[in-house]
1. A:Thr237 - would you say it is open to solvent by 10 Å² or more (accessible area, probe 1.4 Å) and under 21 Å from A:Arg377 (Cβ atoms)?
2. In the stretch A:12-20, is there at least one residue being of a type in the set (A, V, I, L, M), open to solvent by less than 30 Å² (accessible area, probe 1.4 Å), modelled with pLDDT of 95 or more and not in a helix (DSSP H, G or I)?
3. If you check A:Val396, A:Val389, A:Val335, A:Val385, which single one turns out to be part of a loop (DSSP other than H, G, I, E, B) and within 16 Å of the ligand (Cβ to nearest atom)?
4. Would it be correct to say that B:Glu145 is of a type in the set (D, E, K, R), open to solvent by less than 20 Å² (accessible area, probe 1.4 Å) and assigned to a strand (DSSP E or B)?
5. Residues being more than 14 Å from A:Ile310 (Cα to Cα), open to solvent by 30 Å² or more (accessible area, probe 1.4 Å) and assigned to a helix (DSSP H, G or I): count how many of those fall in the stretch A:264-294.
6. Restricting the search to the stretch A:442-494, which residues are of a type in the set (Phe, Trp, Tyr) and more than 8 Å from the ligand (Cβ to nearest atom)?
7. Please name all residue pairs, on different chains or six or more residues apart, with Cβ atoms under 6 Å, provided the first residue is in the stretch A:491-519 and is more than 14 Å from chain B (Cβ to nearest Cβ) and open to solvent by less than 30 Å² (accessible area, probe 1.4 Å) and the second residue is among the acidic types (Asp, Glu) and within 16 Å of the ligand (Cβ to nearest atom).
8. Could you identify the single residue in A:Leu409, A:Leu421 that is assigned to a strand (DSSP E or B) and either touching a residue at least 12 places away in the same chain (Cβ under 8 Å) or open to solvent by 10 Å² or more (accessible area, probe 1.4 Å) (or both)?
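The values are calculated or read from the model by the stated rules, or taken from the named source; none is laboratory data. Just so you know, these numbers come straight off a predicted model, no measurement behind them. As a convention, Cβ positions derive from the backbone with ideal geometry for all residues, glycine included, and neighbour counts pool all protein chains shown. To get the accessible areas, we keep the full protein, side chains included, count just its heavy atoms, and leave off ligands, DNA and RNA. Shrake-Rupley method; radii C 1.70, N 1.55, O 1.52, S 1.80 Å.
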Amino acid sequence: MERNGSQIILQALKDQGVGQVFGYPGGCVIPLFDEFLNHSDISLIRVAHEQAAAHAADGFARLTGRPGVVIVTSGPGATNTITGIATAMTDSIPMIIITGQVRTPVIGTNAFQETNVIGVSRPVTKHNYLVKDLNNLPRVLQEAFYIATTGRPGPVLIDLPVDLQSLTSSAEFVEKIEIPGYDLPPKADLRQVKKAWEMTRMASRPVLYIGGGVNLAHAGEDLLRFAEAAEIPVTTTLLGQGAISEDHPLSLGMLGMHGTYTANWAMHRSDLVIAVGARFDDRVTGKVERFAPLAQMIHVDLDPSEINKIKKVHLGVVADAKDFLAEIGKLAHKVDSEPWLEEIKSIRQNHPLPNYDQAKMKVGELRPEFVIQEFSRHLKGKAVVVSDVGQHQMFVAQHFTFTQQRSHLTSGGLGTMGFALPAAVGACFAEGHEQVVCFCGDGGFQMNIQELATVRSYNLPIVIVVLNNKNLGMVKQWQDLFWDSRYASTLSPDAPDFVKIAEGYSIPGSRVGKKEEVVPAIERALTHQGPILIEFMIDPHSMVYPMIPAGKEFKDIIEGA
Amino acid sequence: MKHVISVLVEDRIGALARVVELFTSRGYNLESVCTGECERKGVHRMTLVTTGDDDKIRLILKLLKNIVYVWEVRHLKPHQTISLELMLVKVQAGVAQRTQVLTLVQAYQGNLIEMNHESVTFEIAGSASKLDGVAEVFSEFTILEMARTGEAAIHK
Ligand SMILES: Cc1ncc(C[n+]2csc(CCOP(=O)(O)OP(=O)(O)O)c2C)c(N)n1
């Protein structure tokens, strides 16, 4: 059948079950955008900035596990997506980005809005394509989805010249995708699983260290079965949150720089760490030589290049997290971890997170921890929580109790300010999603604040929470701790009136400055239909504790107030 | 430590760039790259020479294999490897020095390519270390131009 390039793309998207694309128009994608008008079963969500299109696709993918799709124009449209693509790449999020390109005959002439997008995007994509022959387009689209979603997921970009969007071809989709150099991870080797179980059985202080890979693999249930069967305590990374419910007795909470005292203590004392789908990021390990210094290490990851990359391990298993956890779960039975669990229990009792309840808070003082705890109490884990980057992100990680896998969407590896609002936009397009709550600082919120327009035009039911401390809190915290409180560029006394801004976008908003107002405001927001913004004027001197400073180790932990 | 890595990579847009960028983006040395067609159609064999300790090399091998267009990655151990590099040299040599140059070229089993009244151009093939030696020996002349291909290697 003769089809033009745009029709081929629409067909491929539908074959892949894509319901919506996030995009922004421009000269080099006019034919492709036009084709969307011929299809009522796939929508094109027009955001307000291309970076946001990528974050929205990312948010959708983080929540659903299905790839998010982005379509933007050439040149500046394409380069604007790069931060969003890099964010997805770092956290292994499946995404397809289609960029328009200048006409084939003028490629390489510095034509209007021409950028070497293949070159610019190469380091931040799992794979990318420049399509010069329309006959290849069907196969390229199939391969792109396949590569983005299999193995270690990641973004795949397709650069498509505008002339090919209108030219026709009779090329068909291929029956079978064949990419000779592309290997899928093997099934978990049962001998290795057995060995892992033997090591676990012999250990007296085992800990499961769970990363984003477990969420990506939807392996929460398998994790729970294994952890419960063998009674092994579980700590997660930021991206691993929710893989085990944080109100489960075996959950130690998050580990790392701002992790719980208990989780970091347990890692420090452990004689066997089982790392699954985690990559020993420096925000987790601190000083690598002193990370879990007494432990034997088992590392399970589907990317062989992660094993032994940062930390030499005693047993490396290349396998999908779900597969491994399911297999080891079958072997597992109760081991004598009673003394270990008892020890953990007493540490937990003696070292709770710094807590700010209503009674302890001074009049006129509003602490972010308290605000987040109240959201957590009202939502009981039934929410999609999207957080931006900074202090508030860590407060959310610490004080919101995540009970479901994939329920905390946040930029972990790249730490991209401006992520949250557009990612929340994307999350709203997942069918049957829970209440979406988006936590931002006053800094990061302004990095994609224009997406209030998207929120308005699609009437997206997001509770937007701005925790306004009138400074770039996380950087200020480092200045307070390590730079003599010299606030170079971190104070924002003239931060705008966010309620007024929301109103400008016809989104209702309110400001909360007293602790008594917190609960009513939350209740109002959670029963509100459609988008709503609440700005909380929080203590500008809040610090995130506990903290193990960068490059330090457990003994250097600052427990805080 | 010097390591020779042989990579089979599909001949596609950007494939070569991904391989080379892997080294630059991670700050690894890339001493030489030699690439061209091989026994399979549509596939290139690249021979990469790098330095680093064993852990680093193990990681590089895995990262290379992660590139979608890379079919095969092989770490070639010296005793299992046949490798050869080609060197083209133009040295300044008038009548007085000509014989001396030609004798040396012959001693290295090189081939004369061109000669005129002021220079001699020749090629010499051999292992990288042999060519290092050649370069040193000829440094007593004025080398006008020199090009080395980098090692190409295959398994014994
Ligand atoms: C795009 C980007 N630029 C800069 C940074 C560095 N950075 C990390 S946290 C932070 C402060 C964030 O301030 P705010 O959004 O107000 O949140 P808070 O820390 O106050 O909660 C900055 C500037 C970053 N992570 N991302």
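1. Here the answer is no, as A:Thr237 does not meet what is asked.
2. Looking through the stretch A:12-20, at least one residue is of a type in the set (A, V, I, L, M), open to solvent by less than 30 Å² (accessible area, probe 1.4 Å), modelled with pLDDT of 95 or more and not in a helix (DSSP H, G or I).
3. Checking each option against the conditions leaves just A:Val389.
4. Taking the combined requirement at face value, the residue does not satisfy it.
5. 2
6. Once the filter is applied, which keeps residues that are of a type in the set (Phe, Trp, Tyr) and more than 8 Å from the ligand (Cβ to nearest atom), the stretch A:442-494 yields A:Tyr458, A:Trp478, A:Phe482, A:Trp483, A:Tyr487.
7. A:Ala495/A:Asp442; A:Phe498/A:Glu535; A:Val499/A:Glu535
8. Only one candidate qualifies: A:Leu409.
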